[in-house]
1. Return the pair list, or none, for Cβ contacts closer than 7 Å from residues in the range C:243-261 that are more than 12 Å from chain A (Cβ to nearest Cβ) to residues that are charged (D, E, K, R), at least 6 apart or on different chains.
2. Which residues, taken from the range C:1-53, are more than 30 Å from C:Gln273 (Cβ to Cβ) and not in a helix (DSSP H, G or I)?
3. Looking at the range C:296-320, which of its residues are within 13 Å of another protein chain (Cβ to nearest Cβ), touching a helix residue (DSSP H, G or I) at 6+ places or on another chain (Cβ under 8 Å) and of a type in the set (A, V, I, L, M)?
4. For the range C:147-217, list the helices (runs of 4 or more DSSP H) that sit wholly inside it and hold at least 2 residues that are crowded, with 24+ Cβ neighbours inside 10 Å, among the acidic types (Asp, Glu) and in contact (Cβ under 8 Å) with a residue 60 or more places away in the chain; which are they?
5. Kindly list the number of the only condition in (1) without any contact (Cβ under 8 Å) to a residue 40 or more places away in the chain; (2) under 36 Å from the mean Cα position of the chain (by Cα) that fails for C:Ala572.
6. For C:Arg494, only one of the following conditions fails: (1) at pLDDT 90 or above; (2) within 14 Å of chain B (Cβ to nearest Cβ); (3) assigned to a helix (DSSP H, G or I). What is its number?
Amino acid sequence: MTSDIAAFLTIDGIATGAIYVLIALGIVLIFTVTRVIFVPFGDIAAFTALSLAALEMKQLPGTVGLVAVLAVLATLVETASLLRTGKARQVPRALLFYLVLPMIPVALVWIAAGGDIPLPLRIILALALILPIAPLLDRLVFRPIADGTVLLLLTVSVALHFALVGLGLLFFGPEGVRTEALTDAVWIVGGIPIAGQSILIVVAAIVFSGLLFAFFGFTLAGKSLHATAVNRTGARLMGIRPERTGTIAYLLGSLLAGVSGILIAPVNTMFYDSGFLLGLKAFVGAIIGGLVSFPVTAIGSLCVGILESFAAFQSSAFKEVIVFSILIPVLLWRSYTSAHREEDIDE
Amino acid sequence: MPLLAFDKVGVSYGKAEAVRGVSLAVETGQIVTVIGPNGAGKTSLLTAAIGLLPSSGRITFAGENVTRLETERRVEMGLSLVPEQRELFTDMSVYDNLLLGAFVRRGDKAGIRRDMGEIFDRFPRLAERRRQLAGTLSGGERQMLALGRALMTKPKLLMLDEPSLGLAPLIIREIFVIIASLRELGVSILLVEQNAKAALETADFGHVMETGEINHSGPAGELINDPRLISTYLGGNEGE
Amino acid sequence: MSPRITQLAIAVAVLLLATAPLYVAPFTVTLLDYIGIYALVALGIVLLTGIGGMVSFGQSAFMGVAAYSTAWATALMGFSPWLGLLLALVLTGALAAVLGAVTLRLNGHFLSLSTIAWGLAIYFTFGNVEGLGNFNGITNVPPITIGATPLLGSDQIYFLIWGILLVALLLAHNLLGSRIGRAMRSLRGGKAMVESLGVDAFRVKLVTFVIAALLATLAGWLYAHMSRFVSPAPFDVTKGIEFLMMAMVGGSGHLLGAVVGAALITVLKNAVQDYLPLIAPASAGQLEIVAFSLLFILFLQYARDGIVPFVAGLLPEPKRRLPETAEPLARRAQPARGTPLLSAEACTRRFGGLIAVNDVSFELKSGEILGLIGPNGAGKSTMFNLLTGALPVSEGRITFAGADITRTAQRRIARAGIARTFQHVKLRPKMSLIDNVLLGTHTRTHSGFLSGALRLDRAEERRARHEALVQLRRVGLGDQPYELAGNLPLGNQRILEIARALAADPILLVLDEPAAGLRRQEKLALAELLRALRTEGLTILIVEHDMEFVMNLVDRIVVMEFGSKLVQGDPASVRADARVQEAYLGGVA
């Protein structure tokens, strides 16, 4: 391997890693706030890409149906639970949050789909459409077992991923898609070609990580999220509702995953089930960060991307095997450095 | 009508009862204390009052039955608890901890700024450490921060669980001076303490709790000289 | 339900199963074959998840490694399937041991996440190795031969499958009723409790993990030789969650849950495959996944315990006999009264910037009761954790019975003769009183996995059960040894912890607030018990807030305040000490 190839692979790896960074940050965000290890984040990214592709091809994205179904279900479940606990007064509010708000992007896309929509608007529509999915799933799937152990939540999360893959095929069909490049600029730096798309990916990763950082550092909503993650009981004693901060976390995480889906769609062909591998590689990054540290997660995800890029060069057939194999040294390192903290797994 | 009233309140962990049939009330402007040895059920009582544990019986606050309300709603209504474990946001700054205290009245920017100033006047040590992470504070400063954060919710009634826990005598003195001074803010207080003397000197009325039930009650000034008290704590036969 | 009826029911069930190929259709026999194979995997998950509290999504990968091992050995290399089985067991066992060693020290969800990742890695490996037929797999896997008979038909291999399953169930049942089985069941109580009983939690977890993998290996071996063909698809992560689903739907806390779950899911899947294409011809396969995932989620939301516990709850309570009298377990010699037993020298413990225990020294003599008192937050519980090895000291030295135990692991300290109770009771609420106390005998008994599974441990087990009953009676809880521990009032749960500690035949008994939550009469009885133990030569260290209780019981008192030692002396002088009165009643005047 020449140094040129190494440099090229590194740059390629950083771009891939930047995609994982976005998803992994969302995973850590959700985990710290809600204790849910949200396996379907990769699916959210894939669905965003598929929605964008559908809009590009002047079709109605399958996401429209998915969001509508989830919104109706969540509204029914929420209303039933409000009526059962004698909180009928809160029903209109529930209708607004679980039905009206998610249906706004659905309606907009319904109207706009099929027409000639400029690229930036297409991206915004695709993102807006994807945002309600995770919070609605949270309401339907995780809220009833919010007091469960991390392991129970994880098991449910894995099952949810498989349900989503199946739904993905129903709503999007089996065809792979690749969206129009956001930019086709290529720069030659020191003899190595650097695609504009790669730069765009890295810049987006930096911008959105920065926005996340600013959100935590400077807004009360961000601080209430942080507070819930640090001390749930303490947050409740301040009147901060963990379910609401959870919803915000899901929205933010979905936004990050959605952006990563949009960035990767012009580079890789996306299928309804591409999300799993995408998400799992981000998980490797998140595990490097111990599922708690944002900076270490970001660095870890970049390393995963670079490793993948080199692995693909050496042996494309075994690139996944190599990427997942680094979990072993990572976990070994974690198990010897982490102080013996444990969560009691009592019933 | 009392501000906070427990009516035959019981708390259980599975089949084990920690609190049995406790009835007591706090009038507006009053400081009421519940004292008693460890394991008596004092903490369970406060935890149920704020809604972090389910309870039987009836708890009313500000004229409303809150027994089934969620914790966050009770906080919004003006009930606040400083728990035994403090539950601070340890990797956030002192300032952010206080700011989050005001979460329930987040629209009131001017009020928050004013109260934040007041808290810093009341606890000068917190003002010095406003940028410091809460996790790096000493025990006494943590207790002050927990108190300050609870005050930022603008409570009508403040429940304090063992505010003297693990603190040195000088600091305990300081904390109790502060607790007594909260009267002037119009905050009513329900104080759970094992430091009986300090608690009774600060309170108007006291209840002595043992094995989940209230044993005897009375005006704080009378209880403090009650020979039964010393036997509850240090054993011996004076009270029998 | 009497044991006789249970035995009769089991006999009938076995008979029905044994004759099944005679009276059911061949197709049903094939279905039963699959159920048996899947039940083996699910049985591993019951042990791993339901009993041990670890969740693996990767059992299908173990099954795959086994299937490929045997397919390679037989179809490609021409060895006997029995050699293939040996290879499969060795390979999978080694793989599980390595993966377990890496992940089992971490929080449970790291294990689970990594099982997904290596499940995928193994799947891609199968699919990409030229020598293993890439994604097309290996064909022409020969059948298993017993003697000279090849098991070709589904009704022939049926007996092998169900024979193996029944033996596995029997062994697992024996294991759970044994010393190691109890240690496995205690894992969910958290490391602090498990290690305080002298159990090596990591080792028990690792062996459980390997056993689960070996059960999957048997399933993979049977699967390969039954279907005569292996490819990566049946061993992917989707299958892994399907096995988890079987165990949880059946009831992951019960061995039979594995069989019931495997049967239910397999039959249901079969029905769904028959009918879904009628509803949605184009996308039946995907709808199936969606339907099963959603069912699983609903199931986890509303019926986490599974079917078997639900049915068992409807049946009448089984009657159980009291343990019979047996020769008592060997006891250790207590050191001579008055000799120094334990000494803490200048012990300090910091948590970040907080000093919880600051330069504390004291000594404990054999045969005395020492009270450690002080206001809440004085550092008494931290001190306890330092002495029992639950926390390492930051500075200082601790010696026990002549040995330096400053850096000794908690479970070794427990083995050396320190037994403790906890301020926040740590029991297994869903285990019976006697099983909880039996946990205490762990360090005095020796049966391992094999002797437990093969019931070679009966003599020792009888002695241990007798001992447990003796200790239960001694603390006054001997009336209902089969009551669940979680049904006791809090005070009695503390007493049960004492019985568990006594079952370890300790030299030093360390009690953290034993009298909290007890009524007066119960406290008097407890004090009586502790005095009797002292007479027998046991040394006791006690933290307690009830001063009347302490003052009337102990020989000496150490008072702590703000992490430091305030005073020490006999009860009367401590009680009269002005500093102590100030510490307790508060000096805010």
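The values are calculated or read from the model by the stated rules, or taken from the named source; none is laboratory data. Here the structure is a predicted model, which is why all the values come from computation and not from measurement. As a convention, Cβ positions derive from the backbone with ideal geometry for all residues, glycine included, and neighbour counts pool all protein chains shown.
1. C:Gly251/C:Asp305
2. Once the filter is applied, which keeps residues that are more than 30 Å from C:Gln273 (Cβ to Cβ) and not in a helix (DSSP H, G or I), the range C:1-53 yields C:Met1, C:Ser2, C:Gly52, C:Gly53.
3. Of everything in the range C:296-320, those that are within 13 Å of another protein chain (Cβ to nearest Cβ), touching a helix residue (DSSP H, G or I) at 6+ places or on another chain (Cβ under 8 Å) and of a type in the set (A, V, I, L, M) turn out to be C:Ile297, C:Leu300, C:Ala303.
4. Those helices (runs of 4 or more DSSP H) do not exist here; none qualify.
5. For C:Ala572, the failing item is (2).
6. (1)
Residue-wise test of (1) touching a Phe, Trp or Tyr at 6+ places or on another chain (Cβ under 7 Å); (2) surrounded by 18 or more Cβ atoms within 10 Å (Cβ to Cβ); (3) farther than 28 Å from A:Arg139 by Cα; (4) without any contact (Cβ under 8 Å) to a residue 24 or more places away in the chain.
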residue: A:Ala249; (1), (2), (3), (4): no, yes, no, no
residue: A:Ile262; (1), (2), (3), (4): no, yes, no, no
residue: A:Pro266; (1), (2), (3), (4): no, yes, yes, no
residue: A:Ile287; (1), (2), (3), (4): yes, yes, no, no
residue: A:Ile299; (1), (2), (3), (4): no, no, yes, yes
residue: A:Val304; (1), (2), (3), (4): yes, yes, yes, no
residue: A:Ser309; (1), (2), (3), (4): no, yes, yes, no
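Residues are listed down the side, and each one gets a yes or a no for (1) within 19 Å of C:Leu111 (Cβ to Cβ); (2) touching a strand residue (DSSP E or B) at 6+ places or on another chain (Cβ under 6 Å); (3) of a type outside the set (S, T, N, Q):
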residue	(1), (2), (3)
A:Thr269	no, no, no
A:Leu277	no, no, yes
A:Ala286	yes, no, yes
A:Gly290	yes, no, yes
A:Ala298	no, no, yes
A:Leu302	no, no, yes
A:Leu307	no, no, yes
A:Ala312	no, no, yes
A:Ser316	no, no, no
